[in-house]
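Please read the structure below before turning to the comments.
Rule-based calculations on the coordinates, nothing more; no lab input. All values derive from a computational prediction rather than experimental measurement. Glycine gets a Cβ as well: all are built from the backbone with ideal geometry, and neighbour counts include every protein chain shown.
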Amino acid sequence: MKIKMLNADTINKIAAGEVIIRPVSVIKELVENAIDAGATRVTVVIEAGGKNLMIVRDNGCGIAYNEVPLAFKRHATSKLISIDDLESIESLGFRGEALSSVSAVARVQVTTCNETDEVGSMSLFEGGTLINQRVCSYGKGTEMKVWDLFYNTPARRKHLEKDKKEEVLIRDLLEKLALSNPGVAFQVSSNGRSVLSTTGSGNMLDVVSILYGGEVAAKLIPIHFENTPMKLTGLIGDLTTMRSHRDDQIFFINGRYVKNPKLSQALDGAYEGYIMRHQHPFGIIFLELPGRMLDVNIHPAKTEIKILNESLVMLLFRQGIRETLRHANLVVDIADGS
Ligand code: ADP
Ligand code: MG
């Protein structure tokens, strides 16, 4: 067999396969883009679990007419200039891969207008190629409409779950994004039915009330903890809100939702002596750490973040939770003399 270079179309589809695995991957990228664009209102519409249609509409900064084609090119981004910026990156996206990936495996129509252009534009992409771009009138912001996901990669389409399951994954993600962005009003509908609606008040507790009910929200204990280099905020449960599962232990590091079993263990551990073995505390916890202690570049989907000095972080984390419980008079540490 001779060695040959892959053609551009194949390269794009392979790259897209790493980022866009299912409908929720598309929603994640589009909604993160909306948040990065400074939106205060984000509307999400899905049909058939996102398999038939996904629309994400925002009132963010919009994209200039002549930058739309570039935005859909691979490695085109307005968010990262050099590798040195990675440590201090504050935006959710930075790889410049999402739009090119989505458009490589679906049909995408983008309608957008920025602050300075007099009129907006509507552009259609198919299989990663710009089919046409027209001028149109549009208020400031962006609408991304994605349909026929995986129309050109049928093997992937076949592997999707039932509509309901894909919808649950999308709702799960949007709930997390709503928690970490309480200043953004999210309106989410699925098959014409509203499934999530937040106010954008800026208060995370309002989002918690919507998701878990006012009764749970009223019982939660706020965290205010700082011990260099870590800062902790968020809410943890009292002893009456214990769960038999860890689904309601949600962690964010520097604003990004992360999956990290060690944090769950540390949270359970901080309640030691107050809960039974099968019980798990409720927790929506935001960790802030200096960028140099993290490697966010570990996986394209970015739900895993590598913490570089993990044992120190876990120690401080446990201390922060323990101290919060102590101030709430739930835990008395004899060793602390309190
Ligand atoms: P990244 O988010 O990593 O920069 P994307 O492929 O997701 O890469 O987007 C490419 C660029 O397109 C972004 O850097 C941004 O400038 C622009 N863009 C994408 N979505 C939006 C949006 N909803 N509003 C404004 N600009 C956007
Ligand atoms: Mg992006």
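Given +1 at the Cβ of Lys and Arg, -1 at the Cβ of Asp and Glu and no other charges, the dipole of region 8-197 around its Cα centre is 820 debye to the nearest 20. When each of the peptides 20-33, 3-16, 235-248 is scored by the mean number of other C-beta atoms lying within 10 Å of its residues, the order from highest to lowest reads 20-33, 235-248, 3-16.
Cα to Cα, under 19 Å, and not fewer than 8 places away if on the same chain: which lysines meet these conditions relative to LYS158? In chain and number order, the partners are LYS13, LYS51. For region 55-66, putting each phi into the Karplus relation 6.51 cos²θ - 1.76 cosθ + 1.60 with θ = phi - 60° gives couplings of 10, 10, 10, 9, 10, x, 6, x, 10, 4, 3, 7 Hz, in residue order, rounded to whole numbers and with x for Gly and Pro. Compared with the dominant principal axis of the Cα atoms in the chain, helix 8-19 is inclined by about 20°. Got a sec? Charge dipole of the chain, +1 on Cβ for Lys and Arg, -1 for Asp and Glu; which of LEU205, VAL105, GLY269 is way out at the positive end? So the residue we want is VAL105. DSSP finds beta bridges in the chain, and of those with both partners inside it, around 85 percent are antiparallel. Strictly over 31 Å apart at the Cα level, which of LYS2/LYS28; LYS162/LYS231; LYS4/LYS28; LYS140/LYS176 would you flag in this model? As for pairs spanning more than 31 Å Cα to Cα, those are LYS2/LYS28; LYS162/LYS231; LYS4/LYS28.
Peptide packing: for 61-72, 304-315, the average count of neighbouring Cβ atoms within 10 Å per residue gives the ranking 61-72, 304-315, highest mean first. The relative contact order of region 1-67, computed from alpha carbon pairs under 8 Å that lie at least 6 residues apart in sequence, is 26 percent.
Once the Cα atoms are used to define both axes, helix 23-36 deviates from the longest principal axis of the chain by about 80 degrees.
What is region 8-197 by shape, rounded, prolate or oblate, if you read a ≥ b ≥ c off the alpha carbon gyration tensor as root eigenvalues and call it rounded for a/c under 1.5, prolate for a/b larger than b/c, and oblate otherwise? Since a/c stays below 1.5, the shape of region 8-197 is classed as rounded.
Relative to the longest principal axis of the Cα atoms of the chain, the long axis of helix 163-180 lies at roughly 60 degrees.
Think of each Lys and Arg Cβ as +1 and each Asp and Glu Cβ as -1; about the Cα centre, that makes the dipole of region 220-336 roughly 300 debye. Put a plus charge on the Cβ of each Lys and Arg, a minus charge on the Cβ of each Asp and Glu, and nothing anywhere else: the dipole of the chain about its Cα centre is then about 1160 debye. Per residue, the average separation of C-alpha pairs within less than 8 Å and at least 6 apart gives the chain a relative contact order of 14 percent. For the peptides 161-173, 34-46, the ranking by packing is 34-46, 161-173, with the highest mean count of neighbouring Cβ atoms within 10 Å listed first.
Expressed to the nearest 5 percent, the antiparallel share of DSSP beta bridges inside region 240-324 is 55 percent.
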